[in-house]
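To start, the structure itself, in structure tokens.
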Amino acid sequence: MKIIINKKAKLDKLAAQEIINLVNENPKAVLGLATGSSPIGLYEELIKDHKANKTNYKKVTTFNLDEYIGIPIDHEQSYHTFMYETLFKHLNINLKNTNFPKQDDPASYTKLLEKKPVDLQILGIGSNGHIAFNEPGTSFDSTTQYVDLAESTIKDNSRFFDSIDDVPKRAVTMGLKDIMMAKKVILLAFGKNKAEAINTLVNGKKSEDCPATILQDHPNLTLYLDEDAASLLKK
Ligand code: F6R
């Protein structure tokens, strides 16, 4: 595991450069993408670069981590909408090559990922140690499946909705085993509320109580942390 601690703006640029280099080297690269607030700065950097340097996403394939159940995919808070508005509409990506776990057929997503392994997976982390929507207690052997969101996740995500009652309670998510298939993983964490989860990921015992600890076994993982997210790590 590699750890980079720096200012968020610098980390956004570094992480974006990893993607840009990969896409330039391999125009058919397969990217694993996350939603939420953590990757927004990185996506802004990709858009800036695409405008300035015409990095070509025409043949790139993407797999998103998760999608809510209980709201339509064209809902303003769906992850389909988030990705379209935040990234896809600003790049020359072919929307046919952008994939999300199917709300009516989770298992097919794992099959797709086996056929087209992710070259570079971008992850955020929940304050409770979840990755994608794999909440504490999820089996390390999990593949794409339906899940109930933890109370803490519903609370964390309520900032995007008018009221906490509007936050969907269920989701369909890539499983932990699926995420581990990615050839390279970049996990972004910013802010004090991530510090405990990051400390457990780095220094804790591998346990399904903190799903992110499965990443301790990943052969090519880099954590991109700001000072606050890294604040509980020993110097
Ligand atoms: C998003 C996802 C989640 C988020 C996590 C952190 O697709 O799978 O695991 O990465 O909840 O969210 P933010 O970045 O909003 O703090």
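The values are calculated or read from the model by the stated rules, or taken from the named source; none is laboratory data. As the structure is a prediction and not an experimental result, all values here were calculated from the model. Neighbour counts run over all protein chains shown; Cβ positions are idealised from the backbone, glycine included. For the accessible areas, the whole protein counts, side chains as well, though only heavy atoms, and no ligand, DNA or RNA atoms are used. Shrake-Rupley method; radii C 1.70, N 1.55, O 1.52, S 1.80 Å.
Can you tell me which residue within segment 1-13, out of those that are touching a Phe, Trp or Tyr at 6+ places or on another chain (Cβ under 7 Å) and of a type in the set (A, V, I, L, M, F, W, C), is farthest from the ligand (Cβ to nearest atom)?
Ile4
Kindly list, by first and then second residue, each pair from a residue in segment 159-172 that is under 17 Å from Asp66 (Cβ atoms) to a residue that is polar (S, T, N, Q) and assigned to a helix (DSSP H, G or I), limited to pairs with Cβ atoms under 8 Å and residues at least 6 apart or on different chains.
Val167/Asn157; Val167/Ser158
In segment 78-102, how many are open to solvent by less than 30 Å² (accessible area, probe 1.4 Å), in contact (Cβ under 8 Å) with a residue 40 or more places away in the chain and over 18 Å from the mean Cα position of the chain (by Cα)?
Number of matching residues: 1.
Determine which single condition Leu233 fails, assuming it passes every other condition in (1) open to solvent by less than 80 Å² (accessible area, probe 1.4 Å); (2) closer than 13 Å to Phe140 by Cα; (3) of a type outside the set (Asp, Glu); (4) more than 19 Å from the chain's Cα centre (by Cα).
(2)
Of the numbered conditions (1) farther than 28 Å from Ala230 by Cβ; (2) away from the ligand (no atom under 16 Å from the Cβ); (3) surrounded by 15 or more Cβ atoms within 10 Å (Cβ to Cβ); (4) of a type outside the set (Val, Ile, Thr), Glu18 fails exactly one; give the number of that condition.
Condition (1) is where Glu18 drops out.
Could you say which residue among Leu221, Leu188 is within 19 Å of Leu65 (Cα to Cα), crowded, with 16+ Cβ neighbours inside 10 Å and away from the ligand (no atom under 12 Å from the Cβ)?
Going through Leu221, Leu188 in turn, just one is within 19 Å of Leu65 (Cα to Cα), crowded, with 16+ Cβ neighbours inside 10 Å and away from the ligand (no atom under 12 Å from the Cβ): Leu221.
May I ask you to say which residue of Leu42, Leu31 is modelled with pLDDT of 95 or more, within 16 Å of the ligand (Cβ to nearest atom) and either touching a strand residue (DSSP E or B) at 6+ places or on another chain (Cβ under 6 Å) or on the phi > 0 side of the Ramachandran plot (or both)?
Just one listed residue meets the conditions, Leu31.
Looking at the structure I just gave you, is Gly70 in contact with a strand residue (DSSP E or B) (Cβ under 8 Å, 6 or more places away or on another chain) and open to solvent by 50 Å² or more (accessible area, probe 1.4 Å)?
So Gly70 passes the test.
So Asp49 clears everything in (1) touching a residue at least 40 places away in the same chain (Cβ under 8 Å); (2) over 30 Å from Thr143 (Cβ atoms) except one condition, right? Which one?
With respect to (1) touching a residue at least 40 places away in the same chain (Cβ under 8 Å); (2) over 30 Å from Thr143 (Cβ atoms), Asp49 is out only on (1).
Can you tell which of Lys102, Lys59, Lys116 is charged (D, E, K, R), in contact with a strand residue (DSSP E or B) (Cβ under 8 Å, 6 or more places away or on another chain) and under 22 Å from Lys183 (Cβ atoms)?
Being charged (D, E, K, R), in contact with a strand residue (DSSP E or B) (Cβ under 8 Å, 6 or more places away or on another chain) and under 22 Å from Lys183 (Cβ atoms) holds for just one of Lys102, Lys59, Lys116, which is Lys116.
Identify the residue in segment 205-218 that is in a loop (DSSP other than H, G, I, E, B) and over 13 Å from Ile131 (Cα atoms) and, among all such residues, is most open to solvent (accessible area, probe 1.4 Å).
Per the stated criteria, the residue is Lys205.
A quick yes/no check of all residues on (1) under 26 Å from Ala171 (Cβ atoms); (2) in a loop (DSSP other than H, G, I, E, B):
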| site | (1), (2) |
| --- | --- |
| Leu11 | no, no |
| Glu18 | no, no |
| Pro27 | no, yes |
| Gly32 | yes, no |
| Thr35 | yes, yes |
| Ser38 | yes, yes |
| Thr62 | yes, no |
| His80 | yes, no |
